[in-house]
Amino acid sequence: MVIRNHWGFKHWRGDGPLPRLKTIHYPWDGYASDGLPFLDGPLDLFEGPVVEVIQVISQKTFLVFRIHHAVMDGVASNEFIRNVFRALRNETPDECCFTDSDEVFIQQKRNSPVAMKLEPALSPLGDLGHAGEISRPSLIWRRITLPSSSLVIMPKTMLALAEIARKYGSGLVRFRMPVDLRRHQPGSNAAGNLIGVMLLDVDEQDSVRSLVKKLNRQLSERRDIPKVQPRWVRVLARWIPFFVLEVLAKYVTYQYLRTQQYHYSATLSSVAATSLADYSTEQFTAKTMFGVPIAPMTSAVFVAICSNPQTTEITIGANSQRVSQESLIKLCDELEELLLKQV
């Protein structure tokens with residue numbers, strides 16, 4: 001997938017270069033981002049490829065799939081990876097189609113639109129501080145492994161992060177959650193970036209049970225479906241040159257990084273693996289899988305949760321412009337301690 005043409009004639013085509021494949025030898029245990037030379041290379045939407053697969057050989061072998069978020073969200077990426085392994089096992093991959101997110105947004109309507117005022121939210125990292133000169137967002141991350149899988153790991157993680165954040169003061173604890181919009185189209189095999197967003201406030205008296213009720217209520221009200229912009233706005237956006245969009249994105253990023261507050265205590269995203277055998281071949285046995293989050297701006301941290309029948313992997317990412325490695329390590333230690341008590 002690549003973007004062809006420019007201005008208002010931009011459109012996706014499937015005639016770009018195939019995913020880039022490479023093998024590197026690098027001492028890595030998969031638990032931290034420190035100095036990695038293979039995760040930050042550009043994926044060009046116009047020239048391609050937009051997918052890269054890297055075999056990292058260390059004491060263990062890692063298969064790293066890098067996929068541009070404009071092309072696929074986490075759900076579609078997971079299905080793409082599963083299909084790669086189907087092909088490696090000489091099985092027939094599933095068919096899929098790429099779908100513009102606007103098609104899903106337009107076809108569905110929210111039952112009760114609710115506007116939530118943006119307010120400063122408590123951070124589980126404590127006080128903000130700039131780690132250096134403001135530049136582009138730079139991700140630092142660390143991973144923790146829990147020795148079991150839990151169907152309610154998302155609300156458990158929210159409660160633990162809320163408890164940590166409230167150690168630094170009183171105030172709003174608000175979480176941001178990407179939600180798969182394919183749930184509104186049962187049986188859909190659409191690839192693409194089909195993600196809505198829900199916001200959830202966590203009160204001091206909340207429990208796993210009450211958070212599940214809050215989440216289910218928002219889902220029943222279709223809070224995940226974003227407001228559709230008027231057609232003239234969407235048409236106008238298509239005619240804005242790509243380099244102008246990049247300049248605007250950099251400006252917005254700079255303004256966010258200058259502020260001394262977050263709108264969300266954390267962004268949490270979850271993808272489940274039904275079986276590690278789906279990611280294995282005769283020559284490669286998957287022991288676990290985990291996701292690497294993107295650098296957050298409006299959230300203090302981005303938490304990527306990936307569960308499989310044996311373990312739950314939680315990767316916590318933060319923006320190095322605001323957070324030190326020491327603060328991130330401390331947060332990971334506290335979160336792991338609290339979650340292990342609930343296993």
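The values are calculated or read from the model by the stated rules, or taken from the named source; none is laboratory data. In this text the structure is predicted, and so the values were computed from the model without any measurement. Here Cβ is always computed from backbone atoms with ideal geometry, including for glycine, and neighbour counts include all displayed protein chains. Calculation scope for accessible area: heavy atoms of the full protein, side chains included, ligands and nucleic acids excluded. Shrake-Rupley method; radii C 1.70, N 1.55, O 1.52, S 1.80 Å.
Quick notes
- Listed conditions (1) outside any loop (DSSP other than H, G, I, E, B); (2) of a type in the set (D, E, K, R); (3) closer than 30 Å to G187 by Cβ are all met by D15, apart from (1).
- N308, sole failed condition from (1) open to solvent by 10 Å² or more (accessible area, probe 1.4 Å); (2) under 27 Å from E91 (Cα atoms): (1)
- Filtered by the rule that a residue be among the hydrophobic types (A, V, I, L, M, F, W, C) and open to solvent by less than 30 Å² (accessible area, probe 1.4 Å), segment 311-337 gives I314, I316, A318, V323, L328, L331, C332, L335.
- Cross-chain or 6+ apart pairs with Cβ under 8 Å, segment 118-129 first and in a strand (DSSP E or B), then open to solvent by less than 20 Å² (accessible area, probe 1.4 Å) and modelled with pLDDT under 95: A121/Y262; A121/A300
- Segment 179-197: number of residues that are under 29 Å from G169 (Cα atoms) and either open to solvent by less than 40 Å² (accessible area, probe 1.4 Å) or modelled with pLDDT of 95 or more (or both): 0
Yes or no, residue by residue, for (1) more than 19 Å from the chain's Cα centre (by Cα); (2) modelled with pLDDT of 70 or more:
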{"residue": "E47", "(1), (2)": "yes, yes"}
{"residue": "K60", "(1), (2)": "yes, yes"}
{"residue": "A70", "(1), (2)": "no, yes"}
{"residue": "V104", "(1), (2)": "yes, no"}
{"residue": "V114", "(1), (2)": "yes, no"}
{"residue": "E119", "(1), (2)": "yes, yes"}
{"residue": "E133", "(1), (2)": "yes, no"}
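- Every residue from segment 23-73 that is of a type outside the set (A, V, I, L, M, F, W, C), surrounded by 13 or more Cβ atoms within 10 Å (Cβ to Cβ) and touching an Asp or Glu at 6+ places or on another chain (Cβ under 8 Å): S58, R66, D73
- Here segment 212-254 is the region considered, the condition is being in a loop (DSSP other than H, G, I, E, B) and among the charged types (D, E, K, R), and the residue that is most open to solvent (accessible area, probe 1.4 Å) is K227.
- Residue-level analysis places L257 among those that are outside any strand (DSSP E or B) and of a type outside the set (S, T, N, Q).
- Cβ-Cβ contacts under 8 Å between residues 6 or more apart (or on different chains), taken from a first residue in segment 213-238 that is over 17 Å from M154 (Cβ atoms) and in contact (Cβ under 8 Å) with a residue 24 or more places away in the chain to a second residue that is polar (S, T, N, Q) and surrounded by 13 or more Cβ atoms within 10 Å (Cβ to Cβ), are listed as R222/Q108; I225/Q108.
- For R13, the conditions (1) in contact with a Lys or Arg (Cβ under 7 Å, 6 or more places away or on another chain); (2) surrounded by fewer than 12 Cβ atoms within 10 Å (Cβ to Cβ); (3) over 30 Å from W239 (Cβ atoms) are fulfilled apart from (3).
- Filter result for the condition that a residue is hydrophobic (A, V, I, L, M, F, W, C) and more than 14 Å from R142 (Cβ to Cβ), over L331, L338: L338
- Test: L200 is surrounded by 15 or more Cβ atoms within 10 Å (Cβ to Cβ), in a strand (DSSP E or B) and of a type in the set (A, V, I, L, M, F, W, C): yes
- Residue within segment 279-289 that is outside any loop (DSSP other than H, G, I, E, B) and surrounded by fewer than 20 Cβ atoms within 10 Å (Cβ to Cβ) present: no
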